[in-house]
Structures are given as structure tokens and as C-alpha cells.
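Step one of this worksheet: look at the structure below.
The values are calculated or read from the model by the stated rules, or taken from the named source; none is laboratory data. Because the structure is predicted, anything quoted here is derived from the model rather than measured. Neighbour counts run over all protein chains shown; Cβ positions are idealised from the backbone, glycine included.
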Amino acid sequence: MHLVVIGGSDAGISAALRAHELDPGVEVTLFLADDYPNFSICGLPYYLSGETPDWRDLAHRKEFPGIKVLRRHRALEIDAARRTVSVEHKGAEVATRYDKLIVATGATPVRPELAGYDLPNVFPLHTMEDSFAVHRRLQESPCESAVLIGGGYIGLEMADALTQRGLAVTLLSRTATVLPTVDAEIGLLVEEELRRHGVHVFTNVAATQIERQEASPSRVTVSDTANKTHSADLVIVAAGARPDSSLAHRAGAQLGVRDAIVVTREMRTNLPDVFAAGDCVETYHRLLRRPTYISLGTIAHKQGRVAGENAVGGDQAYPGALGTQSLKVFDLAVVGTGLRDRQAGAEGFNPLTVASSANDHKAYYPGATPLHMRMTGDLSSGRLLGAQIVGDRKAEISKRIDIVAAALFQEAQVEDLNDLDLSYTPPFSSPWDPVQIAAQAWCTKLRQSVGSQYPKTA
């Protein structure tokens, strides 16, 4: 049996490795459009900051036993009737037959309608090649300032990275607060951290055009909707990403949310013997119990594993995602999982979100630092719906949101968090972990709101 995988990032490599692990007799061929199989795109800001000076260290793995990895082979067309994939390599086009096919083409950056986007000093940041282009610009000539267009993950991480390199950084965000994936209260704390490190933050604005400066051709000027101009040596456009689903769609694959490929929980498309996984597909949401679109490497790895197993005869179902995320911005960690208040209300829940704060460990042990938390649950049932936390990046915040994610996965009530047998020693926590203190604050607010506490669901 010949299994062909299109795409060599998280989902594609995960699928190929799982298929070979379960059935070493299957011939696995993986087509990779570039020359960088299974590199950590999430690590690009740390390469550009200089914290990971050798880009080769971003490779998750360097060997792929049992897998024929064909680099710089760009898939052009899928013929589902003939079971072939047409691939271009060094100017020649070749058709390869498959018995089973896995599409893992990932996502592609959104290109905004922005005059001056094609100027030499303007860069997206989505691929290894993009990072090399930015790195060359930083190395080849004096670079003292940068404008970042976009207040999401990439924009914030690059604000951190370029500030560490000594650049003066300006960040433009369309949204009212940066990082729109968290509540505004937490977004404001992130803005404070950015400004504390010298980043000039402008919110509720969008870039309107980029122009080369006549007096200094190596510099550009970015104009925004607030009629302000920002001069810079370097511009990075981080306007988000969309599913790269066109290859599968031309072959007849059905598209759904945000034009992502529709898949079953077994990662099957509507095309015979064609699976798909990763940033190019819809994601089953465990709380909403329906497809949505979430672009995360953790999800891509898991979906790829399911697709690879089922392509060689397995019967696994992807259990679903919660959108659990974490981010470092200078000395802060920002994390979240599940649904926010507004999302939960739009989906038919009766949400209550309660803010609280607690030290990460006992105050009498040196270095205690406050964690700011927002916990969301359902007023009608007491069910846990989500949480967000922000605080010092050394305060085990990512692992604390994982506690909430694990509870969400088991459909727990907010009150159930209090029963978890969590570890305690004064340098690391308190007898009641901050996550449990947040749960208790939520339950107190619930009693004040409805006059009683809901019994636990059996």
C-alpha cells in the first residue's frame, strides 16, 4: 500500500510517523514544498531575537525513519478519480499514484489590501524562508526601528524579539486591546507590559499604506487610520492566517468553516481514501460539539496522528480541541483555554466570568508574584467553560491552565476544581492552588447571584 502525504509540517510528519509505526510495510511518501521538514514555526521569533541563534535547532526532528521525504516537491493537483498527485520539482511535473492520501497543507498568511506591501522592507512571518528574509534585513544594514502590523500572537512575540535586539518597536492593532483571543482586562495588562519595555502601542487603528522615504530609501513610513505616520527600517505584517485548502478543494473536497476542509472526527474528507489534518481543516470543538477553526501546532500534531493511524486501517476519532494556548510577552505569560464570556453567551450558555488574583506561591517564600485569573462557568449548571491567566512567566502559568484544560476535557463543574489533589510546597504553590482559589471565587459569586450552590452533576 502506498500512502502519500502532502505537507511536511506538524500534521504531515505526525501522520507519516504514526502510519509507519503501526504498519512498517506501508510505503510512505511525503511531499514537502520547501526544504524544512517539521521545523517549529512557533520558534521563529526566538531565532530572530537571537535566543536560538542557529535556525537548525528549530527542527523538531532531523530523521524520519521509514518515510521517503521529498523536499522542494510542490503538489499541483489531486486527481481523486485516478488516485494521483501531480507534483512539480525543478521545473518538471510528475504524477504519483497513491492508495491512501493525507492532505496536510497547513495555513497561509492573510495578505491585507495594503499599498506598499511589496516594498523590500516589508515582510510576512509564516515560513522558514520568511524568517531568513527578516534575518538578512537585520544583518545586512543598520536597522534601528520596526513597525509591527497586527496585535495577535506573532505581533506580540516579534515585539518582544525585536526589542531584545535593540530596535525601537511600534505595534499597530486593529482591536481595542492587543491579543484579541483574551478578555480586554487581560489585554490591557499585556499592553502595560509592552509599554514597560518601550514598545509604542496603538490600538483601534489599522495600517492604510506603506511608502518608501525619498530622503532615506532604506526606510519606510507606515500611515494608519488615526492619521498618524510611523517611520521604520523594517515592517512585519502579521494579519493572521487562513486554511490552505485550495489544492484539496480543486479536487472536490468540501469546505466548511472559514473555507477549511470538512473532515470527520476520523479525519476523513468527502473524497474516497483521502484524509486531511492540521491547519487546513476544520477542528471539532469539545465544548461546542461542532466544527470550528483553530490553528495550533498542538492540534495539528494530534489530528495528524489520527489521520495516519486511520490511513493504515485504524479506527481512531479525534477527541476534540479546547483552543488551549500560551504566550510569552517579555516577562509575562498569558494563557487561556475553553470559552470566554462572550463566546459562551453566543453559543447558548448562561455564562458567568469572575476575576480573581492570588500569589503563585506562599508569600513568606521569596519571589511570590500575583496571578490574575478570569474563570468562566455556566450559571445554569455550574459547568466549567474556560479560564484565562496572566502573570510572571516563571510562575508555572502554562501548567496551571493545563489543569483547567484537563478538567474541561472531562466536562467538570467549576466546583470540581476544588477537589483536585494538586501538589503543594511553599516555593511552588499554596495549599489551595491559585486555580482553586479562582474556582472558589466563582462559586462565591454564583451563590451571591442565585442564592444557592448547584449540586454536582453525577
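Within segment 201-222, how many residues turn out to be surrounded by 16 or more Cβ atoms within 10 Å (Cβ to Cβ) and within 30 Å of L371 (Cβ to Cβ)?
Going through segment 201-222 one residue at a time, the tally reaches 3.
So in segment 290-299, with the set limited to residues that are within 21 Å of Q254 (Cα to Cα) and of a type in the set (A, V, I, L, M), which one is surrounded by the fewest Cβ atoms within 10 Å (Cβ to Cβ)?
Taking segment 290-299 and keeping what is within 21 Å of Q254 (Cα to Cα), we get 290-295, 299.
Right, trim to of a type in the set (A, V, I, L, M) and you get 294, 299.
On the way: I294: 19, I299: 24.
Once the filter is applied, the top-ranked residue is I294.
Quick test for you: out of V237, V201, pick the one residue that is touching a helix residue (DSSP H, G or I) at 6+ places or on another chain (Cβ under 7 Å) and farther than 24 Å from R290 by Cα. Spell out how you get there, then give the answer.
Numbers: V237 fails: touching a helix residue (DSSP H, G or I) at 6+ places or on another chain (Cβ under 7 Å).
Being touching a helix residue (DSSP H, G or I) at 6+ places or on another chain (Cβ under 7 Å) and farther than 24 Å from R290 by Cα holds for just one of V237, V201, which is V201.
Looking at D360, D378, which is the one that is charged (D, E, K, R), touching a Phe, Trp or Tyr at 6+ places or on another chain (Cβ under 7 Å), at pLDDT 95 or above and within 16 Å of V404 (Cα to Cα)?
Details: D360 fails: touching a Phe, Trp or Tyr at 6+ places or on another chain (Cβ under 7 Å).
Matching residue, one of D360, D378: D378.
A quick yes/no check of all residues on (1) part of a strand (DSSP E or B); (2) free of Cβ contacts under 8 Å to residues at least 12 places away in the same chain:
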site: N270; (1), (2): no, no
site: F275; (1), (2): yes, no
site: N310; (1), (2): no, no
site: Q316; (1), (2): no, no
site: K328; (1), (2): yes, no
site: V334; (1), (2): yes, no
site: G348; (1), (2): no, yes
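What are the pairs, 6+ residues apart or on separate chains, where a residue within segment 374-385 that is crowded, with 22+ Cβ neighbours inside 10 Å and of a type in the set (V, I, T) has its Cβ under 7 Å from a residue that is modelled with pLDDT of 95 or more and assigned to a loop (DSSP other than H, G, I, E, B)?
Matching pairs, first to second residue: T376/L339; T376/R340.
From R111, R165, R82, which residue is surrounded by fewer than 23 Cβ atoms within 10 Å (Cβ to Cβ), free of Cβ contacts under 8 Å to residues at least 40 places away in the same chain and among the basic types (K, R)?
Working: R111 fails: free of Cβ contacts under 8 Å to residues at least 40 places away in the same chain; R165 fails: free of Cβ contacts under 8 Å to residues at least 40 places away in the same chain.
Testing whether each residue is surrounded by fewer than 23 Cβ atoms within 10 Å (Cβ to Cβ), free of Cβ contacts under 8 Å to residues at least 40 places away in the same chain and among the basic types (K, R) leaves just R82.
Taking strands (runs of 3 or more DSSP E) that do not extend beyond segment 52-103, which have at least 2 residues that are more than 25 Å from S131 (Cβ to Cβ), touching a helix residue (DSSP H, G or I) at 6+ places or on another chain (Cβ under 8 Å) and among the small types (G, A, S)?
Details: elements: 67-70, 74-79, 84-89, 92-97, 100-103.
Per the criteria, no element qualifies.
List the number of the failed condition for T353; all other conditions in (1) at pLDDT below 95; (2) surrounded by 15 or more Cβ atoms within 10 Å (Cβ to Cβ) hold.
(1)
When segment 154-177 is examined, which residues are found to be hydroxyl-bearing (S, T, Y) and touching a Leu at 6+ places or on another chain (Cβ under 6 Å)?
Correct list: T177 only.
Only one residue in E347, E396 is at pLDDT below 95 and either within 17 Å of L288 (Cβ to Cβ) or buried (at least 16 other Cβ atoms within 10 Å of the Cβ) (or both), so which one is that?
Exactly one of E347, E396 is at pLDDT below 95 and either within 17 Å of L288 (Cβ to Cβ) or buried (at least 16 other Cβ atoms within 10 Å of the Cβ) (or both), namely E396.
Name the residue that is nearest to E63 (Cα to Cα), counting only residues in segment 12-43 that are in a loop (DSSP other than H, G, I, E, B) and charged (D, E, K, R).
Checked segment 12-43; the qualifying residue nearest to E63 (Cα to Cα) is D35.
I'm trying to understand the selection: among the residues of segment 115-143, which are over 19 Å from A159 (Cβ atoms), part of a loop (DSSP other than H, G, I, E, B) and touching a residue at least 40 places away in the same chain (Cβ under 8 Å)?
G116, Y117, L119, T127, S141, P142
Filter segment 165-188 down to residues that are within 30 Å of A387 (Cα to Cα) and not in a loop (DSSP other than H, G, I, E, B), then give me how many there are. Give the derivation first.
Keep residues of segment 165-188 that are within 30 Å of A387 (Cα to Cα), which gives 170-188.
Filter once more, so that each one left must be not in a loop (DSSP other than H, G, I, E, B): 170-172, 184-188.
Here the count works out to 8.
Considering only residues that are out of contact with any Pro (no Cβ under 8 Å at 6 or more places or on another chain) and basic (K, R), look in segment 85-126 and name the one that is farthest from S245 (Cα to Cα).
Looking at residues that are out of contact with any Pro (no Cβ under 8 Å at 6 or more places or on another chain) and basic (K, R), I get K90.
Filtering segment 91-117 down to residues that are at pLDDT 95 or above and of a type in the set (D, E, K, R), which residue is nearest to S14 (Cα to Cα)?
Filtering segment 91-117 for residues that are at pLDDT 95 or above and of a type in the set (D, E, K, R), the one nearest to S14 (Cα to Cα) comes out as K100.
What residue, of L287, L327, is on the phi < 0 side of the Ramachandran plot, buried (at least 17 other Cβ atoms within 10 Å of the Cβ) and more than 17 Å from the chain's Cα centre (by Cα)?
Every option except L287 fails the conditions.
Report, by residue number, each residue of segment 239-265 that is within 28 Å of G150 (Cβ to Cβ), of a type outside the set (A, V, I, L, M, F, W, C) and in contact (Cβ under 8 Å) with a residue 60 or more places away in the chain.
G240, R242, P243, D244, S245
Would you confirm, using the coordinates I've provided, whether I154 is buried (at least 22 other Cβ atoms within 10 Å of the Cβ), at pLDDT 95 or above and within 19 Å of G43 (Cα to Cα)?
Details: buried (at least 22 other Cβ atoms within 10 Å of the Cβ): yes; at pLDDT 95 or above: yes; within 19 Å of G43 (Cα to Cα): yes.
So I154 passes the test.
For the subset of segment 18-37 comprising residues that are crowded, with 21+ Cβ neighbours inside 10 Å and within 16 Å of K302 (Cα to Cα), which member is farthest from the chain's Cα centre (by Cα)?
The extreme case among them is A19.
Of everything in segment 106-133, what is within 20 Å of D259 (Cβ to Cβ) and among the aliphatic types (A, V, I, L, M)? Give them in sequence order.
A107, V110
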